[in-house]
Structures are given as C-alpha cells and as structure tokens.
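Trainee: Dropping a structure here in structure tokens format, bear with me for questions.
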There are 2 protein chains.
Amino acid sequence: MCDSHRVNVAVIGLGLIGGSLLRALHAHGHQVIGYDLDPETRHAARAYPTAETIPAAIQDAETTVLAVPLPALHPVRTQLADYDGLLTDVTSVKGPVAKLFEGRRFVGGHPMAGKESSSFAASESTLFDGCAWVLCLEPGTTSLPDWVTLARLYTSIGARVVPATADEHDKAVARISHVPHLLAAALSNLLEGHPLAGTLAAGSFRDGTRVAATRAELVAAMCGGNAAAVQSALAGVLADLGAWDRALDADDPVAALTPLLRRAGELRRGWPGAVDVPVEIALDGDSLLALGRAGGWITRVEESAFGLRPGSDRNPA
Amino acid sequence: MCDSHRVNVAVIGLGLIGGSLLRALHAHGHQVIGYDLDPETRHAARAYPTAETIPAAIQDAETTVLAVPLPALHPVRTQLADYDGLLTDVTSVKGPVAKLFEGRRFVGGHPMAGKESSSFAASESTLFDGCAWVLCLEPGTTSLPDWVTLARLYTSIGARVVPATADEHDKAVARISHVPHLLAAALSNLLEGHPLAGTLAAGSFRDGTRVAATRAELVAAMCGGNAAAVQSALAGVLADLGAWDRALDADDPVAALTPLLRRAGELRRGWPGAVDVPVEIALDGDSLLALGRAGGWITRVEESAFGLRPGSDRNPA
C-alpha cells in the first residue's frame with residue numbers, strides 16, 4: 001500500500017468487528033482511533049489509540065466506521081449530525097441502513113466475518129484476512145471516490161471487497177445467512193420430546209444446528225429486518241422440501257428422490273469454487289456491480305480495480 | 001475386560017466402519033478376522049487377520065458383523081444361510097433390516113460414526129471412542145444373551161451402547177440424520193443462479209450445507225428407506241417454517257418472530273447435555289429400553305448393566 005493512501009479512521013464500537021478492525025488497521029499502518037460506549041471495553045482496548053467520546057474520536061477522522069449493532073445506528077447517527085467525513089457501517093442488513101443515512105455521505109458495508117463470541121476480547125487483527133466485505137454501490141447515488149476510498153482501506157487489510165447494491169446484498173444474505181439460521185432452528189426443534197434422538201445426534205445434526213444456539217432476539221432481528229428477501233428464499237426451501245416429501249410417497253421413493261437431490265450436491269461440491277480468473281476492471285459503477293453479480297470481488301485498487309471472480313463458468317455479463 | 005468375555009468375531013466388509021471395527025477389536029485383544037469382496041481392500045488390511053472368502057472368515061466366528069451397505073445385506077445373507085453364530089449389522093435403517101433377518105439369530109446395530117471418506121484407508125481404531133452404538137432390542141423377540149454379548153463387545157472398544165427398538169431407532173435417525181440431509185440440500189439449492197450469494201456465504205452456510213455434498217444416491221437411499229419416519233419429522237420442520245414465514249408478515253416481524261424461535265435455541269444450547277447420572281440397571285429388556293428412551297446408554301456390562309443417562313431432568317420412567 002502506498003503511503004498516500006493511508007487513511008485517518010475512527011472506529012465507533014469495539015466489539016468483535018470494531019475491535020478486530022481497530023487492530024487490523026493499526027497493524028497495517030493506518031492512523032486509527034477507537035471508541036466504545038462501555039468504559040470497560042475502552043479499557044480493554046487501551047493498547048490502541050482510543051477516545052473517551054464520539055466527538056473526540058471523529059474530530060480528525062476522514063472516515064468513520066460505525067461498528068455498532070443495528071439498533072444503535074440511529075442514536076449514533078444523531079451524534080454525528082455535524083460530521084462531514086465519510087461514514088460507513090458493518091451491519092448485516094443494508095436496505096434499512098441506506099434509508100437511515102439518506103442524504104449523508106455514507107457507503108454501507110458488511111464484512112462476512114463472525115465468531116461465537118462478540119466482545120473486544122474475542123477480536124483479532126486477522127479476522128478479515130480473505131473475508132468477503134460487501135460495500136454497497138447504488139448507481140447514480142453512491143459517490144464512487146468514497147466507495148473507492150473504502151475499497152482501498154479494506155483491501156489493504158486483506159479483505160475481498162464485494163460490490164453490490166443494498167437490495168442485491170439483502171437478497172444474498174437472506175439465502176446464505178438468514179434462512180440458514182431458520183433451518184438450524186427448525187432442526188433443533190426436532191429434539192423436543194425425543195431424548196433418544198439427542199443421544200444419537202452426531203455430525204450432521206451438530207453442524208446443521210450450530211447457529212441455532214444464537215439468541216432468538218438476534219435471529220429475529222436479522223430475519224425480521226430483511227423480511228421480504230427471507231420470505232422469498234424460504235419459499236424456495238419450502239417448495240423443495242414439499243417436492244421431496246411427495247417423492248417419499250412414491251412406490252419407489254429412492255428412485256423418485258434421487259434425481260431431485262442431484263443438483264444440490266453439485267452446487268455444494270462446487271462451492272466456494274476455484275478462484276481462477278484474475279481480471280482488471282474499470283473503476284465505474286456498472287463494471288463493479290457486474291463483477292459482484294458474477295460472484296467476483298476486488299483484491300486491489302490501483303488506478304483501475306483488480307478483481308477476481310470464482311469459477312470459470314461465471315461470466316460477468 | 002475379563003478374558004472370558006473375549007469373542008471370536010468376523011467382520012464382513014472393511015470400509016470405514018468395518019475397517020475401524022477390525023482395528024479396534026484387534027487393538028482390544030479380541031480374536032477377529034476381516035473379509036472384503038474387494039481384493040485391494042483385503043490387501044490394504046493385510047496387517048490384520050483377513051480371509052479370502054466369507055466361509056473362511058466365519059468358520060470359527062461366534063459373532064459375525066455385517067459391515068456392508070444396505071443393498072449388499074441381501075446377497076451376503078444368502079451366503080450365510082448355514083451360519084448359526086450371532087449376526088449383527090451396522091446399517092442406518094433398522095426396520096427393513098430386521099425384516100430381512102427375520103427368523104435368524106440377529107441383533108441389528110448402528111454405530112453413529114462417520115467421516116467424509118468411506119474406505120479402509122480412512123478407518124481408525126479409535127473411531128468408536130465415545131460413539132453412540134444402537135443395538136436393537138425387540139421385546140419378546142430379541143435374545144437378551146445375544147444382545148448382551150454385543151453390548152459387552154462394543155462397550156469393550158469404548159462405544160456407548162444405546163438400547164432401542166428398530167422403530168424407535170428409525171424415528172430418531174430421521175430427526176437427527178435423514179431430515180438434516182434434506183435441509184442441507186434445500187439450503188444448497190439457494191445458490192442456484194446466485195453467484196453473489198456464493199461469494200458471501202460463510203460459516204452458517206458452510207456448516208448448514210456440509211452434508212449436502214453427500215451423493216444423491218446415498219441420501220435418497222437413507223430417506224427413501226425410512227420414508228414414513230422422515231415424512232413425520234419433515235412435517236414438523238414444514239410446520240415451523242410455515243409459522244415463521246407467517247410471522248414475517250406481521251407489522252412488527254421481529255417481535256412476532258422472537259418468541260417463536262426461543263425454544264430452538266434452548267434445545268440446541270442444551271444439547272448434548274451434561275452426563276451426570278450414572279445408574280446401574282437390571283439386564284432386562286424393559287429396563288434397557290426405558291434407559292434408551294430417556295436418552296441414556298450402556299457403558300459397561302457386568303452381571304447387571306452400568307449405564308449413564310444425560311441431563312438431570314430425564315427420568316428413565
């Protein structure tokens with residue numbers, strides 16, 4: 001990374017994501033300062049530059065990352081009414097957040113990173129190594145220079161930056177995160193009243209239900225905040241399960257079911273796909289969004305963007 | 001283990017389960033001999049006693065473990081028409097197998113152990129350490145001394161022996177193995193036509209779909225061979241998902257969804273449960289089945305059985 005691209009960053013909220021970002025930006029030579037509402041968290045982060053208040057944290061920051069949960073974005077935004085730097089967030093639903101920051105200098109973001117624990121103590125400077133980090137890009141609305149500033153910042157700490165509209169993001173995470181949480185919960189419910197099943201449960205149950213241990217409030221907030229996209233993806237799941245249920249009624253259920261399950265195995269075995277197509281693309285909204293839609297991402301920002309897209313059968317058309 | 005309980009065992013089929021059993025029994029001082037239809041597999045297992053034919057393998061065996069897949073049980077049974085020793089199997093559906101061996105000296109078994117790979121090369125002597133191994137017990141039909149012989153054999157290699165009827169077993173595995181495979185497949189299908197989703201997919205998708213990579217033929221055989229129990233468990237999943245889908249239509253979907261998801265989290269966080277109630281139980285069918293139904297298992301067979309049941313809220317009543 002060339003020095004001229006080092007950015008003065010404030011990170012508001014020092015949980016798992018904010019704490020890891022503070023560590024990672026610091027480790028990569030950025031000027032960064034952290035703030036957390038909780039004095040104990042600020043104390044835990046004292047090896048890094050921290051501020052006691054939001055105004056003190058943001059006063060010199062060109063970019064401010066709001067690493068707070070969704071419900072906290074509204075009050076924090078109020079405290080940033082006079083801030084004219086670039087704002088971004090890290091929450092998992094992008095449509096409602098885009099509305100919240102309408103008219104502000106804002107680019108929505110979402111790193112696809114997580115762990116069971118969410119405290120500063122669990123944070124790590126390497127959390128974003130190879131992590132897909134969505135940066136929202138709304139044609140005609142988002143400032144491309146601001147988007148590029150963040151893409152440069154996050155690729156500098158090893159993230160793969162994925163361009164997507166808020167709507168595309170929300171539909172994708174419904175499929176790969178929100179609905180998986182609902183299926184894990186439905187699977188866990190099958191233990192109710194069946195202690196023998198609990199004794200026999202092994203790998204397929206353990207992995208299929210892992211995220212069901214998440215607090216109900218968090219899962220409901222994710223799914224309820226993205227209801228339309230979740231319902232659309234859930235409709236696909238219900239249609240598949242219904243078709244397979246009917247196949248089990250056949251005279252030869254094995255023969256009836258086999259072809260219906262084949263595509264799922266191909267899709268899973270093909271995921272995450274080989275990374276074999278380095279491409280250099282122009283830094284314009286349409287090219288970036290086409291890359292994201294094709295399953296690609298940005299690994300380096302020069303005068304043009306340098307991206308990778310997975311698999312050889314996907315064309316960013 | 002006291003010497004008088006060492007058993008002369010033949011293991012027919014030396015894949016992951018049979019190979020691991022050959023190694024484990026050998027390591028624990030049992031007289032054991034293995035056989036596989038495939039000469040290359042026999043060659044791979046040459047460090048252990050092996051036979052070139054089924055008759056040679058079983059001629060001195062008091063107990064013969066059929067560690068072959070479900071479709072191979074029928075032809076193997078034909079080759080064992082004159083065998084008068086104790087027979088057991090390791091397949092994942094117990095009702096149809098019980099029918100197949102009706103009138104024979106047979107106790108159905110199913111070790112809840114598995115790995116991605118299924119060859120002798122993948123087998124390990126420690127595969128069954130702490131593994132739940134179902135042994136089927138049909139009141140009035142199963143010979144209790146034969147059941148006890150196998151319970152002693154498998155506890156001697158570290159397995160937790162779980163008593164259950166074939167019907168109880170099949171209903172339980174529908175819940176914790178067969179339906180999880182179907183949900184994983186439905187989740188994988190959500191990638192179809194959504195390369196962006198594939199790029200963003202991380203932990204919850206990876207774990208929720210892991211078993212979807214299984215060959216369609218195997219999943220269809222498991223589910224189709226246990227159709228009624230799978231349909232019954234699937235009905236519970238469909239009811240839950242339908243209710244949650246309707247909650248997402250509410251004016252406040254987060255508030256509507258939260259209480260509906262709470263029980264699933266409790267169940268998952270409570271699984272597999274603390275092992276805190278060692279109990280000594282009588283070696284009779286009713287006591288053993290009551291232990292299994294309560295989520296318990298056998299760890300040691302003496303004159304009476306010594307078992308453990310998980311959790312303090314479960315009474316083997």
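The values are calculated or read from the model by the stated rules, or taken from the named source; none is laboratory data. As the structure is a prediction and not an experimental result, all values here were calculated from the model. With ideal geometry, Cβ positions are generated from the backbone for all residues, glycine too; neighbour counts draw on all protein chains shown. Each accessible area value is taken on the protein alone, full model and side chains, heavy atoms only, with ligands, DNA and RNA left out. Shrake-Rupley method; radii C 1.70, N 1.55, O 1.52, S 1.80 Å.
Trainee: Please state which one of A:L22, A:L73, A:L14 is closer than 15 Å to A:G109 by Cβ and open to solvent by less than 30 Å² (accessible area, probe 1.4 Å). Break it down into steps so the answer makes sense when it comes.
Mentor: On the way: A:L22 fails: closer than 15 Å to A:G109 by Cβ; A:L14 fails: closer than 15 Å to A:G109 by Cβ.
Being closer than 15 Å to A:G109 by Cβ and open to solvent by less than 30 Å² (accessible area, probe 1.4 Å) holds for just one of A:L22, A:L73, A:L14, which is A:L73.
Trainee: Given the options A:A201, A:A184, A:A174, A:A166, name the one that is at pLDDT 95 or above and within 19 Å of B:S232 (Cβ to Cβ). Working first, answer last.
Mentor: Numbers: A:A184 fails: within 19 Å of B:S232 (Cβ to Cβ); A:A174 fails: within 19 Å of B:S232 (Cβ to Cβ); A:A166 fails: within 19 Å of B:S232 (Cβ to Cβ).
Unique residue meeting the criteria: A:A201.
Trainee: A follow-up question, please. What number of residues in the range B:236-252 are open to solvent by 20 Å² or more (accessible area, probe 1.4 Å), facing another protein chain (nearest Cβ under 8 Å) and in a helix (DSSP H, G or I)?
Mentor: Final tally of qualifying residues: 4.
Trainee: How about the range B:76-90: which of its residues are open to solvent by 10 Å² or more (accessible area, probe 1.4 Å) and closer than 18 Å to B:P111 by Cα?
Mentor: Listed by number, the list holds a single entry, B:V90.
Trainee: List the number of the failed condition for A:A202; all other conditions in (1) open to solvent by 30 Å² or more (accessible area, probe 1.4 Å); (2) over 30 Å from B:A290 (Cβ atoms) hold.
Mentor: The one condition A:A202 does not meet is (2).
Trainee: Residues of the range B:45-70 being open to solvent by 10 Å² or more (accessible area, probe 1.4 Å) and under 24 Å from B:H169 (Cα atoms), which ones?
Mentor: Matches in the range B:45-70: B:A67, B:V68, B:P69, B:L70.
Trainee: Can you run down the residue pairs with Cβ atoms below 7 Å, 6 or more apart or on separate chains, where the first is in the range A:29-45 and in contact (Cβ under 8 Å) with a residue 12 or more places away in the chain and the partner is open to solvent by 60 Å² or more (accessible area, probe 1.4 Å)?
Mentor: As it stands, the answer is A:G29/A:R6; A:H30/A:R6; A:Q31/A:R6; A:V32/A:H26; A:A44/A:A121, since those pairs meet every condition given.
Trainee: Quick check: anything in the range A:259-275 part of a strand (DSSP E or B) and within 23 Å of the chain's Cα centre (by Cα)? Break it down stepwise before answering.
Mentor: The first filter runs over the range A:259-275 and keeps only residues part of a strand (DSSP E or B), leaving A:275.
Checking which are within 23 Å of the chain's Cα centre (by Cα) leaves us with A:275.
Yes, that holds for at least one residue.
Trainee: If I go through the range A:160-181 residue by residue, how many of them are touching an Asp or Glu at 6+ places or on another chain (Cβ under 8 Å) and among the aliphatic types (A, V, I, L, M)?
Mentor: Residues that pass the stated criteria total 1.
Trainee: Of all the helices (runs of 4 or more DSSP H) wholly in the range A:139-196, which have at least 3 residues that are farther than 22 Å from B:D207 by Cβ?
Mentor: Passing ranges, in order: A:144-156, A:166-173.
Trainee: With respect to A:A220, determine if the residue is in contact with a strand residue (DSSP E or B) (Cβ under 9 Å, 6 or more places away or on another chain), over 30 Å from A:S143 (Cα atoms) and within 7 Å of chain B (Cβ to nearest Cβ). Walk me through how you get there before you give the answer.
Mentor: On the way: in contact with a strand residue (DSSP E or B) (Cβ under 9 Å, 6 or more places away or on another chain): no; over 30 Å from A:S143 (Cα atoms): yes; within 7 Å of chain B (Cβ to nearest Cβ): yes.
Judged against the criteria, A:A220 is not a match.
Trainee: Let me ask you something else. Give the number of residues within the range A:223-235 that are without any contact (Cβ under 8 Å) to a residue 40 or more places away in the chain and at the interface with chain B (Cβ under 7 Å from one of its Cβ atoms). Working first, answer last.
Mentor: The initial filter retains those residues of the range A:223-235 that are without any contact (Cβ under 8 Å) to a residue 40 or more places away in the chain, namely A:224, A:227-228, A:231, A:235.
Next, from what is left, pick out any that are at the interface with chain B (Cβ under 7 Å from one of its Cβ atoms): A:224, A:227, A:231.
Residues in the range A:223-235 being without any contact (Cβ under 8 Å) to a residue 40 or more places away in the chain and at the interface with chain B (Cβ under 7 Å from one of its Cβ atoms): 3 in total.
Trainee: Here's something else I'd like to know. So the check is Cβ under 9 Å with 6+ separation or different chains; which pairs have a first residue in the range B:295-309 that's outside the structural domain of B:T155 (by TED's automatic domain parsing) and on the phi > 0 side of the Ramachandran plot and a second one that's at pLDDT below 65 and open to solvent by 40 Å² or more (accessible area, probe 1.4 Å)?
Mentor: B:G295/B:R314; B:G295/B:P316
Trainee: So, in the range A:117-136, of the ones that are open to solvent by 20 Å² or more (accessible area, probe 1.4 Å) and touching a residue at least 60 places away in the same chain (Cβ under 8 Å), which residue ends up farthest from A:D167 (Cα to Cα)? Give the derivation first.
Mentor: First, pick out the residues of the range A:117-136 that are open to solvent by 20 Å² or more (accessible area, probe 1.4 Å): A:117-119, A:121, A:124-127, A:129-130.
In the following step, the residues that additionally are touching a residue at least 60 places away in the same chain (Cβ under 8 Å) were identified as A:117-119, A:121, A:124-127.
Numbers: A:S117: 28, A:S118: 26, A:S119: 29, A:A121: 33, A:E124: 30, A:S125: 30, A:T126: 29, A:L127: 26 Å.
Top of the filtered list is A:A121.
Trainee: Sort out which residues of the range B:128-147 are hydrophobic (A, V, I, L, M, F, W, C) and either closer than 26 Å to B:G19 by Cβ or not assigned by TED's automatic domain parsing to the domain that holds B:K99 (or both), and write them in order of number. Break it down stepwise before answering.
Mentor: Step one: list which residues in the range B:128-147 are hydrophobic (A, V, I, L, M, F, W, C), which gives B:128, B:131-137, B:144, B:147.
Result: B:F128, B:C131, B:A132, B:W133, B:V134, B:L135, B:C136, B:W147.
Trainee: Let me ask something additional. Testing B:G208 on (1) more than 7 Å from every other protein chain (Cβ to nearest Cβ); (2) part of a helix (DSSP H, G or I); (3) open to solvent by 10 Å² or more (accessible area, probe 1.4 Å), one condition comes back false. Which one is that?
Mentor: All conditions are met except number (1).
Trainee: Among the residues of the range B:146-200, count how many are at the interface with another protein chain (Cβ under 7 Å from one of its Cβ atoms) and touching a residue at least 40 places away in the same chain (Cβ under 8 Å).
Mentor: From the range B:146-200, those at the interface with another protein chain (Cβ under 7 Å from one of its Cβ atoms) are B:162, B:164, B:168, B:172-173, B:175-177, B:179-192, B:194-200; that's our starting set.
Next, from what is left, pick out any that are touching a residue at least 40 places away in the same chain (Cβ under 8 Å): B:162, B:164, B:168, B:173, B:175, B:177, B:179, B:181-183.
Result for the range B:146-200: 10.
Trainee: With the requirement that a residue be open to solvent by less than 20 Å² (accessible area, probe 1.4 Å) and either under 17 Å from A:N189 (Cβ atoms) or part of a helix (DSSP H, G or I) (or both), what does the range B:212-226 give you?
Mentor: Initial filter on the range B:212-226 (open to solvent by less than 20 Å² (accessible area, probe 1.4 Å)): B:212, B:216, B:219-220, B:223-224, B:226.
Correct list: B:A212, B:A216, B:V219, B:A220, B:C223, B:G224.
Trainee: Select from the range B:137-160 the residues that are under 13 Å from the mean Cα position of the chain (by Cα) and open to solvent by 10 Å² or more (accessible area, probe 1.4 Å) and list them in ascending order.
Mentor: Once the filter is applied, which keeps residues that are under 13 Å from the mean Cα position of the chain (by Cα) and open to solvent by 10 Å² or more (accessible area, probe 1.4 Å), the range B:137-160 yields only B:R160.
Trainee: Can you tell me how many residues in the range A:135-145 are touching a Ser or Thr at 6+ places or on another chain (Cβ under 7 Å) and more than 14 Å from chain B (Cβ to nearest Cβ)? Spell out the reasoning first.
Mentor: Step one: filter the range A:135-145 for residues touching a Ser or Thr at 6+ places or on another chain (Cβ under 7 Å), giving A:136-138.
Remaining after also requiring more than 14 Å from chain B (Cβ to nearest Cβ): A:138.
Number of matching residues: 1.
Trainee: Search the range B:253-281 for residues being in contact with a strand residue (DSSP E or B) (Cβ under 8 Å, 6 or more places away or on another chain) and open to solvent by 50 Å² or more (accessible area, probe 1.4 Å), and hand back the single one that is nearest to B:L183 (Cα to Cα).
Mentor: If we filter the range B:253-281 for residues that are in contact with a strand residue (DSSP E or B) (Cβ under 8 Å, 6 or more places away or on another chain), which is where we start, we get B:272-281.
Now narrow it down to the ones that are open to solvent by 50 Å² or more (accessible area, probe 1.4 Å): B:272, B:274-276, B:278, B:280.
Working: B:P272: 21, B:A274: 27, B:V275: 29, B:D276: 32, B:P278: 35, B:E280: 39 Å.
This residue is B:P272.
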